[in-house]
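The values are calculated or read from the model by the stated rules, or taken from the named source; none is laboratory data. Since we're looking at a predicted model, the values are computed, not measured. Please note: Cβ atoms are built from the backbone with ideal geometry, for glycine as well, and neighbour counts cover all protein chains shown. Remember, those area values only see protein heavy atoms, side chains included, never the ligands or the DNA or RNA. Shrake-Rupley method; radii C 1.70, N 1.55, O 1.52, S 1.80 Å.
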Amino acid sequence: MISLEARAARSVHVTAGMGSKGFTLIEVLVALAVLCVAALGGIQLVASATQTTSRAGTLSMSAAVAASRMEQLRALQFAFDPTGLRLTDLTTDLASDPPAPGGPGLTPSGAGSLDANVPGYVDFLDVHGRPLGGGTSPPSGAVYVRRWSVEPVGASSDLLLLQVLVRPLAQGTPGPGQRGAREVRLVTMRARTLP
């Protein structure tokens, strides 16, 4: 027969031996909790990186199509002829692709052409930035709206303020004068050139 002291010593030895061969339930639960916290942090990091990449792609596309429209506006005739007569393109339709006659050209757009869809000063683009046409409402497949304004500076009208605004349609329409989170706005001045 084994004494009580020997049983206690043997029990302690067995328990210690089991602890060194495996994990207790508490150890497993703590390890799982640490693993879950680390995994959730990783998931949040991936979601944040995906959102940032999407935002950067949208801004890059908006900047590219805004710059393209600004270059088209700057290419329209706005000069003096050799006799000093003012020459201004007032007929090119930039809302059509390719630009064609029948539009306002560099005719002043009036207030609000950056805040609303004013025919002749707006067009819509697909997800790849390809023009889908102008008008007051977006056609099927439109992802971006591109608006521009032409404003004379001073009384002589030999200096123009040109602005181009591009924003995703999914962003909605901020109120007049408000900026959207993913919009791009380019602004430049254009002076009438001498021959």
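Observations on the model:
- Percent of Cα pairs exceeding the 17 Å cut-off, where the set is the range 98-142: 38
- Solvent-accessible surface (1.4 angstrom probe) belonging to ARG130, in square angstrom, nearest 10: 130
- Taking a quarter of the surface of the Cα convex hull of the range 63-195 gives a mean projected area of 8.1 nm².
- Point-to-point label distance, SER48-ARG185, nm (Cα→Cβ direction, 7 Å offset): 3.0
- Linear extension gain, PHE23 paired with ASP97, 0.36 nm per residue minus alpha-carbon span: 19.6 nm
- As a calculated quantity, the FRET efficiency between LEU159 and ALA116 at R0 = 25 Å, using C-beta atoms, amounts to about 0.50.
- Here the convex hull built on the C-alpha positions of the range 25-134 has a volume of 139 cubic angstrom per residue.
- Translational D in µm²/s for the range 24-68 (Stokes-Einstein at 4 °C, 1.567 mPa s, Kirkwood Rh from C-alpha pairs): 98
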